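Colleague: Let me give you the structure first, and then I'll get to my questions.
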Amino acid sequence: RALPAAPGLCPRRGCGEAAALRAMGFSEEQARRLLGLQPRLGPQRREAAAAQLLLLGLSAEAALGLLERSPGLLRMPTERLQDRAGELRRLGLDGGRAARRRGRGRGG
C-alpha cells in the first residue's frame, strides 16, 4: 500500500518517489531538494543512495548534504555503493560516531 505523497511534490514527477523519500525520514523540503539532484537518473538510484547513507547512521539532512556535495554518488552503481557502505560499517564507522568525532574540535 503506497503512502500518500506530500502536497506540492508531484506536478511532473512520480508521487511514489517523493513518498518513499518521506517514508525514509526526509522532510518535504529535503525530498524536494533530493528530487532535484541528477533529475535524469531513475528514482531507484536516489532512493538506494539515500538508504545506504541513512543505514550508516547519518541524519536525513546530513545524507542530503553529502549527496548535494558529491552528486557522483547518485551515479555510482547501487551494488558498488552498497559494498562501500558495508565496508564502512565493518570498519565501525557510523554517522553518530563520526559526528561526535567532529564535535570534539581540532585541539583535542
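The numbers here are math on the coordinates, done by the rules we state, and not lab data. Here the structure is a predicted model, which is why all the values come from computation and not from measurement. No Cβ is skipped: glycine too gets one built from the backbone with ideal geometry, and neighbour counts run over all protein chains shown.
Colleague: Once label points are set 7 Å from the Cα along Cα→Cβ at both residue 55 and residue 80, what is their separation, rounded to one decimal in nm?
Modeller: 1.8
Colleague: Same structure, new question: Specify the inter-centroid distance of the range 52-87 and the range 35-51, based on alpha-carbon positions, in whole Å.
Modeller: 11
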